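Just so you know, all these numbers are worked out from the coordinates, no wet-lab data involved. Small disclaimer: the values here were computed from a predicted structure and weren't measured. Ideal geometry is used to build each Cβ from the backbone, glycine not excepted, and the neighbour counts take in all protein chains shown.
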Amino acid sequence: MATLVLVRHGRTTANASGVLAGRTPGVRLDDVGREQARRTAERLAAVPLVGVVSSPLERCRQTARAILDRQSGAPVTPIDRGITECDYGDWQGRPLKELAGEALWSVVQNQPSAAVFPGGESLLSMQARAVTAVRRHDAAFEAQHGPGAVWVAVSHGDIIKAILADAYGMHLDLFQRITVGPASVSIVRYGPNRPDVVMTNTESGDLSWLRQAAPAADAVVGGGAGPAGRADVADADRAPST
């Protein structure tokens with residue numbers, strides 16, 4: 001099976017100021033975000049990637065460029081609107097402190113499957129389009145490059161949380177339990193029996209073990225030895241994370 005590396009974009013000016021950027025044009029990485037993207041690119045430099053798929057928004061494209069600058073090969077670089085940010089509609093561009101006073105905030109926190117952003121999309125439709133997009137790319141990369149293919153999708157916090165929830169077999173109402181920090185790395189493999197969530201929300205650690213032979217399709221009874229150098233799961237806030 002191919003290996004999907006989910007990378008959230010680095011910190012942006014909107015993240016730093018507590019604004020829900022959504023699809024607002026011109027939101028770019030700040031100095032911290034550029035350094036975060038550089039560190040993630042360094043982690044992935046040891047892994048020959050067959051593709052780096054990015055959301056069309058600037059912050060993701062900046063992060064994707066940092067990753068590509070550290071690759072010695074020539075991975076394909078499609079832009080896919082299927083993994084673009086959630087359409088937050090009328091919430092877009094507003095301070096998170098202000099949004100926390102809205103009645104919908106509680107729904108987003110506690111029953112996200114029922115959340116529909118005014119003038120925007122539902123979190124359910126967001127999850128459906130994002131999962132469809134990454135599964136489509138994953139199947140195509142594996143068909144072209146074989147089961148050892150490793151590829152990256154550079155996307156947004158809520159998008160990656162929704163993809164991970166689906167891979168875990170979690171109801172969307174539980175996806176706020178998942179944290180995805182800026183420039184973090186999460187890894188999923190879509191096997192023939194079930195998705196395998198290999199790691200989530202890592203900000204450091206060696207990833208060169210991804211160069212090993214293609215993983216076995218079946219889960220190892222007892223847990224197995226695991227790859228060397230695997231990073232631990234980190235933690236962060238669970239507010240809408242653009």
query = When DSSP assigns beta bridges and you keep just the ones with both residues in the range 3-211, what percent turn out antiparallel, to the nearest 5?
reply = 50 percent
ask   = Counting alpha carbon pairs within less than 8 Å and at least 6 residues apart, what relative contact order, in whole percent, applies to the range 3-211?
value = 31 percent
query = In what order do E98, E142 fall by count of nearby beta-carbon atoms within 10 Å, going from fewest to most?
reply = E98, E142
request  = Return the long-range amide H neighbours of M199 (sequence gap of 5 or more, or a different chain), with a cut-off of under 5 Å between placed amide H atoms.
outcome  = I187
request  = Quick one: which residues, 5+ away or cross-chain, put their amide H under 5 Å from the amide H of G51? H built at 1.01 Å from N.
outcome  = V76, V152
query = Treating the beta-carbon of each Lys and Arg as +1 and of each Asp and Glu as -1, no other charges, what is the dipole magnitude of the range 84-229 about its Cα centre, to the nearest 20 debye?
reply = 240 debye
request  = Using R₀ = 25 Å, calculate the FRET efficiency as 1/(1 + (r/R₀)^6) where r is the Cβ-Cβ separation of E35 and S208; round to 0.05.
outcome  = 0.70
query = For the residue pair A46 and N193, what label-to-label distance in nm results when each label sits 7 Å from Cα along the Cα-to-beta-carbon direction?
reply = 2.9 nm
task = With label points built 7 Å along Cα→Cβ from the Cα atoms of N110 and T77, find their separation and express it in nm.
result = 4.6 nm
query = Listing D31, D138, D173 from the residue with the fewest other Cβ atoms within 10 Å to the one with the most, what is the order?
reply = D31, D173, D138
note = One finds, for A100 and R136 with R0 = 35 angstrom and r their Cβ-Cβ distance, a FRET efficiency to the nearest 0.05 of 0.50
note = Exposure-ranked with fewest Cβ neighbours within 10 Å first, L174, L96, L104, L207 stand as L174, L104, L96, L207
note = At q = 0.10, 0.12, 0.15, 0.17 Å⁻¹, the log10 of I(q)/I(0) for the range 3-211 from a Debye sum over equal Cα scatterers comes to -0.40, -0.57, -0.91, -1.17
